[in-house]
1. Just one of Ala52, Ala8, Ala15 is over 30 Å from Ala197 (Cβ atoms), of a type in the set (Gly, Ala, Ser) and either out of contact with any helix residue (DSSP H, G or I) (no Cβ under 7 Å at 6 or more places or on another chain) or modelled with pLDDT of 65 or more (or both); which is it?
2. In the stretch 86-131, how many are in contact with a Lys or Arg (Cβ under 9 Å, 6 or more places away or on another chain), crowded, with 18+ Cβ neighbours inside 10 Å, at pLDDT 80 or above and not charged (D, E, K, R)?
3. Can you list residue pairs whose Cβ atoms sit under 8 Å apart, with the first residue in the stretch 231-252 being loosely packed, with under 15 Cβ neighbours inside 10 Å and the second being modelled with pLDDT under 75? Count only pairs 6 or more apart in sequence or on different chains.
4. Can you name the condition, by its number, that Asn160 falls short on among (1) modelled with pLDDT of 80 or more; (2) in contact with a Ser or Thr (Cβ under 8 Å, 6 or more places away or on another chain); (3) of a type outside the set (Ser, Thr, Tyr)?
5. List every residue pair whose Cβ atoms lie under 9 Å apart, where the two residues are 6 or more positions apart in sequence or sit on different chains, the first residue falls within the stretch 181-201 and is over 20 Å from Ala96 (Cβ atoms), and the second residue, located anywhere, is of a type in the set (Ser, Thr, Tyr) and modelled with pLDDT of 90 or more.
6. For Pro227, work out the one condition from (1) buried (at least 17 other Cβ atoms within 10 Å of the Cβ); (2) out of contact with any Pro (no Cβ under 7 Å at 6 or more places or on another chain); (3) of a type outside the set (A, V, I, L, M); (4) within 15 Å of Leu13 (Cα to Cα) it doesn't fulfil.
7. Does Arg135 count as of a type outside the set (A, V, I, L, M), surrounded by 16 or more Cβ atoms within 10 Å (Cβ to Cβ) and at pLDDT 80 or above?
Amino acid sequence: MITHPFKAAGAFLKAFPLVLSKDLRLFILAPLLANFVLVGLLYMVAFSYFQALMDSAMGYLPDWVSFLNWLFYLIFAAIISVLLFYSFSVGVNILAAPFMAFLAEKVEEKETGKVFDESLNAGVIMAIIGRSLQRECQKILYFLPRFILLLLLSFIPLVNVIAPVLLLLFSAWMLSLQYMDYAFDNNKVKFHDMRMALRSKPLLCWTFGGIVMVSLTIPFFNLFVMPIAVVAATLLWISVFRSEHGDFSALLDRTDGTF
């Protein structure tokens, strides 16, 4: 377990040359274009409304706690930032999900020699798109109640001091869940089973999610984080999780996941 953070970091280092390889470029261009458009819209909204939202939120605080304004400012800033981040992430992830699923497949094929499907016909492609969108909905339903709970904790005295830390840890966990899901889904691992597998390796997941989180704060580079994270997550699937879950996809029908 102590080596898991190094495995996560190593996967990102190995992902860079793979992302730039000729075989994978086609599966990266579309989500990158979506990133450019949505990031531009996100920054426009953030710069236009962020300060106004902060002033409005601070206006609800009573005068007798004014000496803690700096602390509440940090808490509200963290909450609003997470909301903006996930609003952006949900939009991009829904649009890019099918492309990221294909990208994860191609990485696994390139690294292991496994062939998921020799010919991608229209039926197979539509099935992959439908399955990807279904998993995105599962992730949204998983995220919302937990985020709302953390949001409510932010308003409880004393507990709200650790709320930003909990939000950061939860954000790292969700980023890990988001990007590792593509390889798990391609290999027909159920969403619940994937969560249990990731939960058994918390250091790996928090390190992976933390690297993605930090990368998303770097201007311009954050536009390329999604495909890099998918490639790194697929490499972790191959090196850490694949042997534990077996290779069941060869036994399943690709279009509906049945034996």
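The values are calculated or read from the model by the stated rules, or taken from the named source; none is laboratory data. What you see is a predicted model, and the numbers here were worked out from it, not measured in a lab. Backbone-built Cβ (ideal geometry, glycine too); neighbour counts: all protein chains shown.
1. Matching residue, one of Ala52, Ala8, Ala15: Ala52.
2. Total meeting the criteria: 1.
3. Listed by first residue and then by second, the contacts come to Leu251/Phe259; Leu252/Thr258; Leu252/Phe259.
4. Failing condition for Asn160: (1).
5. Once the first residue is over 20 Å from Ala96 (Cβ atoms) and sits in the stretch 181-201, its partners that are of a type in the set (Ser, Thr, Tyr) and modelled with pLDDT of 90 or more give Arg195/Tyr142; Leu198/Ser176.
6. (2)
7. It is true that Arg135 is of a type outside the set (A, V, I, L, M), surrounded by 16 or more Cβ atoms within 10 Å (Cβ to Cβ) and at pLDDT 80 or above.
One line per residue, one yes/no per condition, for (1) of a type in the set (D, E, K, R); (2) modelled with pLDDT under 90; (3) under 16 Å from the mean Cα position of the chain (by Cα):
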residue	(1), (2), (3)
Tyr179	no, no, yes
Leu204	no, no, yes
Val212	no, no, yes
Ser215	no, yes, yes
Phe220	no, yes, no
